[in-house]
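**Student:** Have a look at this one before I ask anything.
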Amino acid sequence: MAVRYFGAKIKRNEDPTLLTGRALFTDDVDLPGMLHVAFLRSDYAHARIRSIDVSQALKRPGVVAVYTAEDLGDYWRPGPLLVPPPPVEGIVFNQRTQVPLAKDKVRFVGEPVVMVVAESRYIAEDALEDIFVDYEPLEPVVDIEKALEPGAPLVHEDVGSNVAAHVVQRKGDYEAAKAEADVVISRRFFYDHGLAAAMENRGYVAHWDPKAQFLTIWDTTQAPVVIRNGIAAMLGLSESQVRVIAPFIGGGFGPKIMMFYQEEVLIPWVAMQLNRPVKWIEDRRENFVATTQERYQIHKAEIALTKDGRILGVKDVFLHDTGAYDPYGLTVPINSQCTLLGPYDIPNYYSEFTAVFTNKTIVTPYRGAGRQHGVFVMERLLDIAAKELGIDRTEIRRKNFIPPDKFPYNNEIIYQDFAPLVYDSGNYEPALDKALELIGYEKFIKEEQPKLRAQGKHVGIGVVCYVEGTGIGPYEGARVRVEASGKVSVATGVGTQGQGHFTSFAQIVADQLGVDVRDVHIVTGDTAQFHWGTGTFASRGAVVAGSAIYEAAKKVREKALKLASEILEVAEEDLELVDGYVRVKGAPEAKISLGELAVRSNPLRGAVKPGTEPGLEATMYFGPERGATASGTHACIVEVDPETCMAKILKYVVVHDCGKVINPLIVEGQIHGGVAQGIGNAFYEQIVYNEDGQLLTASFMDYLIPTAMEVPPIVTDHVETPSPLNPLGTKGAGEAGAIPTAAAFVQAVEDALSDYNIEILEAPLSPNRLYELLHKK
Amino acid sequence: MTDLHTIRVTVNGTTYERTVEARMLLSDFIRHELGLTGTHVGCEHGVCGACTVLFDGQPVRSCLMFAVQADGHEIMTVEGLAPDPDHLHPLQEAFWEAHGLQCGFCTPGFLMTLKPFLEENPNPTEEEIRLAISGNLCRCTGYQHIIEAVKLAAEKMRK
Ligand code: FES
Ligand code: FES
């Protein structure tokens, strides 16, 4: 088989549609007779609802219906738990999931309270002004440490405390290791992670056809199949009566896989109630409070080492802010707990966390999904240890890397996929070496930095390493079919949000079937096209769905060869698939087109052999035994102006190992985008809640997403340790850019300001915060 | 606020006459009245630039204008850049070749910002490009491939 496309920089199939403004996004759906929804949301972080008066709203011309929690009847119930807690011994998990509309009590600013349906969005929003809600404000739970003090107000009274979860995981015996250590370093770290802020807000459109008894939903989701199953169950429909379409999605990054959003549950229901198509599109202000976010953790961490810098053990006890509800289970803090170990051979580990309910927006994964927090803690501990021991920061990392012959490497704790955290493969030193070379580490440290310092410039360098669990199960599937035209159509259940699946998946198929990559048409995100699947999350699209597509294409290839061999009367080994034909090797004029084979494989008369399946088509599923571990090194050079405390990134390098790369152009783009989000998380973006639980940064004027002025050119390179866990040897690449960025940035800033002798134990920074740190003494 | 006005607006060469409320945003008018959904709305507070269209040849944020303000004016949206997906504008071609888009949601805004920019400045430096797009947010690409696309487009358009 000739590999023409796998590994090649191919322009994306989906781009002409997007570039000409012809792609369908959810808000582009327009149906005759469509109604529009607006939500009245809580202005309070924590309050009792005494009464709600909607009578004036109902009188407004153009208003069709108004619903409070009471009006939902039996349909009002807490959402399902999306991810159950992992099987860890002694785990405490208090499940409290979001409700469609708040009843009795509101628990965060932005929680939906009343739904208004009207002939236009303008009228629906007017009607919100007509509604009167009588609230009795309660003391809000904002600070996660105070939330655990006795007598603190409670987000959920029936839980009896604000503890959402408590988990302890162990490897070896940390206390015994500590007793042997030459040095023990302990610090308190603070890490805050922000909003995904995808450029497209969320939205749902539902259309109920009462004659066909069929519900169609357009949904900005990363997991259409799961949404279909859930909505069907909630509405008492069978799955075949519901079609969920996730059309083009304007960026996902995690929060678009949260399910089920309150609005997501209500829009299809109200479309059925009113027998009219209904649309709700989130506006940006709503996105800041109603779409899930990530938030902060406070870590008390300790590392025990020998005097030559070998890690004997790590202990970490942390608090995690989970917001008002916990529908996504423990994915985020478990990722923090597991990813902290990084690429290092750490024989003893004790990790304990408490997830805390607060009166804030719900926390679910956002690109990195808690991994940032863990990486930051570990990398900062190593930086401090290196300083204390007088070892170069790159040496201390190198010394503790898991050696390449120790894979698969078992960390002996449970990961987010409920399987033990085992790294499938990796080789960390080459990535570090390459990154050091690309950033010019030796030269910078020895020549440039001293020279620039002598000129009064504050420049510093940061180098950090990380691993990333990717491509987890359970499974994905795909159907590959050769059409009579000779073109190939492929359907899979994952959704796509800009990752280039239309192209990378087509590359896999084109190689197997010997067709032009532009002749492979991929359908993702439409449950009418493929029935099974779980969704795009945890950097798994290319790994899991890609592998299923590969297997299905391989099967179709076998079918094509078998049939062609019968027709051409030539042994299969003597045939090849080239340019849309099966032809005889060495005699290319003896050939039959794939389109012709597709027609011949679907006879209209006569008999076929028993067991024959019609069509050049195959459906295959792939479920990896466990996730594939990607890894890499980030390095950056930063200049800080101690007067203004502005920091400028002068150079940024990423060397990444995501196994075999299907399309380097796409992977590069994923890394650039991730780094840009990481830079935002390091220095520009911050979620600020005041003591009343009000979000103070609820616009793009206050929540600063990096622009082209802030994101520096990024140099990327790859090393490749193929994953043995899937036939393509790939690992996920979606999140790597974003995970260690703040750790690299902070290290570089601290280095730049070495004459001030400060230790930075938190992220994000900002000019103001840096100023405080510099002047606190 | 809800009083009605009849306006005539030329969009991509076609003149439309519609009766709209005074408060209707130009972005809503383009998207929902005219059905030209290539213009996207990302923030409705004038920061993200996704809604950028050309207003008498100048880039404007259609979420910060009312439809009535466009009465008698000429607008160009992304749909007006190329006749069909097989005949792309050099700017679109360059975005395609340089992988200047991922989800593509921000892209129409970038294209409409860049068209007049490159016409005025056919040979921009990287700094000038960065400044030109600093009012457009993209959450996917990290801008690097967009900047490469602009350089490539400038080259194509100079030819
Ligand atoms: S939608 Fe107009 S600038 Fe963001
Ligand atoms: S490509 Fe997704 S926001 Fe720019």
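Bear in mind these aren't lab numbers, they're just calculated from the coordinates by the rules spelled out. Computed from a predicted structure; not experimentally measured. Cβ: placed from backbone, ideal geometry, glycine included. Neighbour counts: every protein chain shown.
**Student:** Rounded, prolate or oblate for segment A:1-94? Axes are the square roots of the Cα gyration tensor eigenvalues, ordered a ≥ b ≥ c, and the cut-off for rounded is a/c under 1.5.
**Tutor:** oblate
**Student:** Can you put B:PHE55, B:PHE95 in order of Cβ neighbours within 10 angstrom, beginning with the fewest?
**Tutor:** Least to most surrounded, the residues fall as B:PHE55, B:PHE95.
**Student:** Within the set A:LYS103/A:LYS146; A:LYS9/B:LYS115; A:LYS443/A:LYS651, which residue pairs have Cα atoms separated by over 19 Å?
**Tutor:** Check vs 19 Å cut-off fails for A:LYS103/A:LYS146; A:LYS9/B:LYS115.
**Student:** Pop the C-beta distance of A:ASN410 and A:ASP516 into the FRET formula with R0 = 56 Å and round what comes out to the nearest 0.05.
**Tutor:** The pair A:ASN410/A:ASP516 has a calculated efficiency of 0.80.
**Student:** Translational D (Stokes-Einstein, µm²/s) of chain A at 4 °C and 1.567 mPa s when Rh comes from the Kirkwood sum over C-alpha pairs?
**Tutor:** 47 µm²/s
**Student:** Relative to the present Cα-Cα distance, how much length would full extension add between A:GLU720 and A:VAL523 at 0.36 nm per residue of separation?
**Tutor:** So the chain would gain 68.0 nm between A:GLU720 and A:VAL523.
**Student:** Looking only at other chains, what is the average number of their beta-carbon atoms within 10 angstrom of each beta-carbon in B:94-100?
**Tutor:** For this peptide, the per-residue mean of nearby foreign Cβ atoms is 5.
**Student:** Does segment B:4-80 classify as rounded, prolate or oblate by the C-alpha gyration tensor (a ≥ b ≥ c root eigenvalues; a/c under 1.5 gives rounded; else a/b over b/c gives prolate, otherwise oblate)?
**Tutor:** Cα axes put segment B:4-80 in the oblate bin.
**Student:** For peptide A:10-18, what's the mean number of Cβ atoms from other chains within 10 Å of each residue's Cβ?
**Tutor:** Partner Cβ neighbours, averaged per residue: 6.
**Student:** For segment A:59-108 and segment A:346-381, compute the distance between their C-alpha centroids and round to whole Å.
**Tutor:** Using only Cα atoms, the two centres lie 26 Å from each other.
**Student:** Taking R0 as 56 Å, what FRET efficiency do you get between A:ASP43 and B:GLU155 from their Cβ-Cβ distance, rounded to the nearest 0.05?
**Tutor:** 0.60
**Student:** Then there's this: Counting only residues 5 or more places away or on other chains, whose amide H sits under 5 Å from the amide H of A:TYR296 once H atoms are built in the peptide plane?
**Tutor:** Hits under the 5 Å cutoff: A:HIS193, A:ASP321.
**Student:** Using mean Cβ contacts within 10 Å as the protection proxy, how do B:60-73, A:354-367, A:587-600 order, highest first?
**Tutor:** A:354-367, B:60-73, A:587-600
**Student:** Could you order the peptides A:448-459, A:243-254, A:561-572 from most to least packed, using the average number of other C-beta atoms within 10 Å per residue?
**Tutor:** Sorting A:448-459, A:243-254, A:561-572 by mean packing, highest first, produces A:243-254, A:561-572, A:448-459.
**Student:** Exposure proxy check: A:PHE260, A:PHE502, A:PHE190 ranked by fewest other beta carbons within 10 Å?
**Tutor:** A:PHE190, A:PHE502, A:PHE260
**Student:** For the pair B:ASP84 and A:ILE91, what calculated FRET efficiency results from E = 1/(1 + (r/R0)^6), where r is the Cβ-Cβ distance and R0 = 51 Å, to the nearest 0.05?
**Tutor:** Here the calculated transfer efficiency is 0.35.
**Student:** Starting from the 7 Å offset along Cα-to-Cβ, what nm value, one decimal, do you get for the label separation of B:THR15 and A:ASN275?
**Tutor:** Calculated label separation equals 4.4 nm.
**Student:** Considering every residue in A:115-126, what mean count of other chain Cβ atoms within 10 Å of its Cβ is obtained?
**Tutor:** The shielding value for this peptide is 1.
**Student:** Moving to a separate point now. Can you give the charge dipole size of the protein assembly as shown about its Cα centre, rounded to the nearest 20 debye, using +1 on the beta carbon of Lys and Arg and -1 on the beta carbon of Asp and Glu?
**Tutor:** 1200 debye
**Student:** Just to check I understand the Karplus step: with θ = phi - 60° and J = 6.51 cos²θ - 1.76 cosθ + 1.60, what whole-Hz values come out for segment A:466-472, glycine and proline as x?
**Tutor:** Working through the residues one at a time gives 7, 10, 9, x, 10, x, 7 Hz.
**Student:** Here is a follow-up. Highest mean first, how do A:386-396, A:70-80 rank when packing is the count of other Cβ atoms within 10 Å averaged over residues?
**Tutor:** So the order, starting with the most tightly packed, is A:386-396, A:70-80.
**Student:** Next up: Normalising by the residue count of segment B:4-80, find the relative contact order in percent from Cα pairs under 8 Å and 6+ residues apart.
**Tutor:** Here the relative contact order equals 39 percent.
**Student:** Which residues does a label at A:LYS307 reach in segment A:374-394, if reach means a backbone N under 20 Å from a point 7 Å past the Cα toward the Cβ?
**Tutor:** A:384-393
**Student:** Determine the gain in length on full extension of the stretch A:GLN455-A:SER186; use 0.36 nm per residue of separation and subtract their C-alpha separation, reporting nm with one decimal.
**Tutor:** Once the chain is fully extended between A:GLN455 and A:SER186, it gains 93.3 nm.
**Student:** Here's a follow-up. Taking each full run of DSSP H in chain A as one helix, which ones are at least 30 Å long along their axis (Cα atoms) and have mean Kyte-Doolittle hydropathy of at least 1.6?
**Tutor:** none
**Student:** What percent does the relative contact order of segment B:90-158 come to when contacts are Cα pairs within less than 8 Å and at least six residues apart?
**Tutor:** Reported as a whole number, the value is 58 percent.
**Student:** Report the Cα centroid-to-centroid distance between segment A:177-195 and segment A:683-714 in angstrom, as an integer.
**Tutor:** 27 Å
**Student:** I need to check one value: relative contact order of chain B, counting alpha carbon pairs closer than 8 Å and at least 6 residues apart, in percent.
**Tutor:** Rounded, it is 24 percent for chain B.
**Student:** Separate question: Based on C-alpha coordinates, I'd like the Rg and Dmax of chain B, in Å.
**Tutor:** When restricted to Cα atoms, chain B yields Rg and Dmax of 15.7, 50 Å.
**Student:** A further question follows. Shape verdict for segment B:90-158, please, from the Cα gyration tensor: rounded (a/c under 1.5), prolate (a/b greater than b/c) or oblate.
**Tutor:** prolate
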